[in-house]
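Please read the structure below before turning to the comments.
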Amino acid sequence: MTERPDTPSANQMWGGRFASGPDAIMQAINASIGFDQRLYAQDIAGSRAHAAMLAAQGILSNKDAEAIGEGLLTVLSEIETGNFPFRVELEDIHLNIESRLTEIVGDAGKRLHTARSRNDQVAVDFRLWVRDQCDAAISGLTALMQAFVTQAEAGADWVMPGFTHLQTAQPVTWGHHMLAYVEMFARDRSRFEDARRRMNECPLGAAALAGTSFPIDREMTAKALGFDRPTANSLDSVSDRDFALEFLAASSITAMHLSRFAEELVIWSSAQFRFVRLSDRWTTGSSIMPQKKNPDAAELLRAKLGRILGATVALFTIMKGLALTYSKDMQEDKEQVFDAADTLMLGLAAMTGMVGDMTANRETLKTAAASGFSTATDLADWLVRELGLPFREAHHVTGTLVALAESAGVDLPDLTLSQMQGVHPGIRDDVFAVLGVENSVRSRMSYGGTAPDRVREQVARWKAALG
């Protein structure tokens with residue numbers, strides 16, 4: 001859109017100190033409107049609350065406050081309908097909105113900035129935006145957890161191999177494996193909830209850094225914007241970006257968990273494993289190999305989620321060298337957080353879709369669970385429980401039996417009783433009852449164990465908790 005000729009220039013917005021316009025390169029470095037326009041709704045909400053408070057305190061006339069409130073709604077409508085003239089020379093979302101407001105309502109618009117600074121203005125805008133993203137992450141994580149619980153309920157007694165070092169370790173159940181991710185994402189959700197509680201203080205009214213001499217009511221603006229209370233120190237209010245760092249830290253841990261499951265999907269859907277089938281919605285073919293069904297969505301997520309960790313490191317690097325209070329370096333906070341939030345929500349939505357659509361190959365899982373001497377620990381436990389052997393001796397006997405089976409090219413349940421008694425004469429025929437994978441998982445009845453009954457208890461608990 002073209003610039004209105006009667007619109008204040010950037011120099012007019014700044015005041016009389018600067019006689020000449022900024023160099024083009026300086027303008028490119030300084031301007032943030034290309035990305036901070038995403039804060040428009042929060043900026044307008046903060047300004048409306050500020051104007052209402054100024055009027056309530058007698059700092060602004062009711063007439064001017066009403067004009068400002070209505071004018072800001074007009075600006076909001078223009079932005080949301082794509083009819084707002086964003087201008088680089090006005091640097092940021094704050095000056096763009098204020099300039100357009102002044103065009104609409106005249107001198108009243110120039111009074112809006114009374115008793116505040118862009119420092120506390122951006123602090124409240126950004127905090128409101130990050131708070132909204134915490135809410136979105138909490139909602140997205142809840143949906144993902146529900147998808148995993150559905151998988152866990154369907155396969156509460158489906159046997160699969162459990163792994164350490166990506167080697168077959170002990171049999172577990174599909175439901176137990178799915179619930180492991182529910183626990184992970186529950187911790188992630190609690191981190192966002194905790195961060196949201198801590199960030200829910202309002203910095204508006206801190207002004208540039210020292211507060212203001214105007215008789216403002218910070219409790220009123222905090223309440224109007226849904227905060228629990230105003231921040232208690234004006235210096236900290238304008239220099240704090242802990243809320244953004246906490247959001248990024250929580251996002252990074254969530255991204256790590258998402259990436260771990262993406263890696264499992266890549267492995268599990270391979271021809272060598274065939275543990276799961278991914279739907280056509282989340283896979284692609286090959287341009288040359290017609291047989292291929294590639295888990296591209298999982299692979300792309302595995303890569304994209306690294307951006308969140310990068311954003312976290314970047315913002316920590318920005319903040320670590322800044323003395324109190326505000327420095328222009330802090331303008332570089334938003335692009336990092338915006339990109340991380342976008343990536344996180346994309347990752348949560350995509351993973352929820354993949355988990356909801358994937359189909360476990362039950363028979364393949366069971367066959368794999370029985371391989372790799374996965375019931376060796378059950379045998380050792382039986383020797384301790386039934387024959388009274390010290391565990392270290394039972395471990396040695398079991399290892400000898402594993403070596404015997406391996407040399408014979410069979411699994412433990414395929415050894416004969418006489419072969420077993422050749423290693424330890426006390427072994428009885430009932431040992432074979434613990435060597436089946438179904439019996440193995442059923443025996444793991446300790447709290448948090450993989451036994452189907454325990455899995456169903458946890459499924460019921462999570463279904464109740466998630467609603």
- request: Counting only residues that are more than 27 Å from the chain's Cα centre (by Cα), hydroxyl-bearing (Ser, Thr, Tyr) and surrounded by fewer than 22 Cβ atoms within 10 Å (Cβ to Cβ), give me the helices (runs of 4 or more DSSP H) lying completely in the stretch 39-140 with at least 3 of them.
  value: none
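Looking only at the stretch 172-186, count every residue that is without any contact (Cβ under 8 Å) to a residue 12 or more places away in the chain and either under 22 Å from MET345 (Cβ atoms) or buried (at least 23 other Cβ atoms within 10 Å of the Cβ) (or both) and tell me the total.
Total satisfying the criteria: 1.
Of the residues THR254, THR325, which single one is assigned by the TED database to the domain that holds ARG189, of a type in the set (Val, Ile, Thr) and not in a helix (DSSP H, G or I)?
None of the other options fit; the residue is THR325.
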field: Selected residue (only one of PHE243, PHE261 is at pLDDT 95 or above, assigned to a helix (DSSP H, G or I) and under 30 Å from ALA208 (Cβ atoms))
entry: PHE243
- request: Starting from the stretch 254-280, keep only residues that are under 30 Å from GLU193 (Cα atoms), then list their pairs with residues that are open to solvent by 30 Å² or more (accessible area, probe 1.4 Å) whose Cβ atoms are within a distance under 7 Å, requiring at least 6 positions of separation or different chains.
  value: ALA255/LEU309; SER259/ARG302; ALA262/ARG302; GLU263/ARG302
message: Between a residue in the stretch 79-99 that is basic (Lys, Arg) and any residue that is surrounded by 18 or more Cβ atoms within 10 Å (Cβ to Cβ), which pairs come within a Cβ distance under 7 Å, given they are 6 or more apart or on different chains?
response: ARG87/ASN96
- prompt: Of all the residues that make up the stretch 351-376, how many are surrounded by 20 or more Cβ atoms within 10 Å (Cβ to Cβ) and under 16 Å from the mean Cα position of the chain (by Cα)?
  reply: 1
task: For LEU179, indicate whether it is in contact with a Pro (Cβ under 8 Å, 6 or more places away or on another chain) and modelled with pLDDT of 95 or more.
output: no
query: Does GLU386 satisfy the criteria of being under 26 Å from ILE267 (Cβ atoms), surrounded by fewer than 17 Cβ atoms within 10 Å (Cβ to Cβ) and modelled with pLDDT under 95?
result: no
- request: Answer yes if at least one residue in the stretch 433-445 is out of contact with any helix residue (DSSP H, G or I) (no Cβ under 9 Å at 6 or more places or on another chain), farther than 30 Å from GLU183 by Cα and not charged (D, E, K, R), and no otherwise.
  value: no
field: Count of the stretch 264-320 residues which are open to solvent by less than 40 Å² (accessible area, probe 1.4 Å), modelled with pLDDT under 90 and among the β-branched types (Val, Ile, Thr)
entry: 1
statement: Within the stretch 415-454, residues farther than 24 Å from MET184 by Cα and β-branched (Val, Ile, Thr) come out as THR416, VAL423, ILE427, VAL431, VAL434, VAL437
- request: Using the structure shown, decide if LEU379 is assigned to a helix (DSSP H, G or I), of a type outside the set (Gly, Ala, Ser) and open to solvent by less than 20 Å² (accessible area, probe 1.4 Å).
  value: yes
task: Can you confirm whether the stretch 153-171 contains a residue that is surrounded by fewer than 24 Cβ atoms within 10 Å (Cβ to Cβ) and in a helix (DSSP H, G or I)?
output: yes
- prompt: Pairs, please: C-beta under 6 Å, at least 6 apart or cross-chain, first residue over 29 Å from LEU401 (Cα atoms) and in the stretch 355-380, second open to solvent by 40 Å² or more (accessible area, probe 1.4 Å) and not in a helix (DSSP H, G or I)?
  reply: THR359/ARG277; ASN361/ARG274
- prompt: What is the number of the single condition among (1) under 35 Å from the mean Cα position of the chain (by Cα); (2) open to solvent by 50 Å² or more (accessible area, probe 1.4 Å) that ASN439 does not meet?
  reply: (1)
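Given the structure, is ARG428 in contact (Cβ under 8 Å) with a residue 40 or more places away in the chain and not aliphatic (A, V, I, L, M)?
yes
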query: Out of all the residues in the stretch 219-230, which are touching a helix residue (DSSP H, G or I) at 6+ places or on another chain (Cβ under 8 Å) and buried (at least 17 other Cβ atoms within 10 Å of the Cβ)?
result: MET220, THR221, ALA224, LEU225, PRO230
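The values are calculated or read from the model by the stated rules, or taken from the named source; none is laboratory data. Keep in mind the model is a prediction, meaning the values are calculated, not measured. Ideal geometry is used to build each Cβ from the backbone, glycine not excepted, and the neighbour counts take in all protein chains shown. We work out accessible area using only protein heavy atoms, side chains counted, and drop any ligands, DNA or RNA first. Shrake-Rupley method; radii C 1.70, N 1.55, O 1.52, S 1.80 Å.
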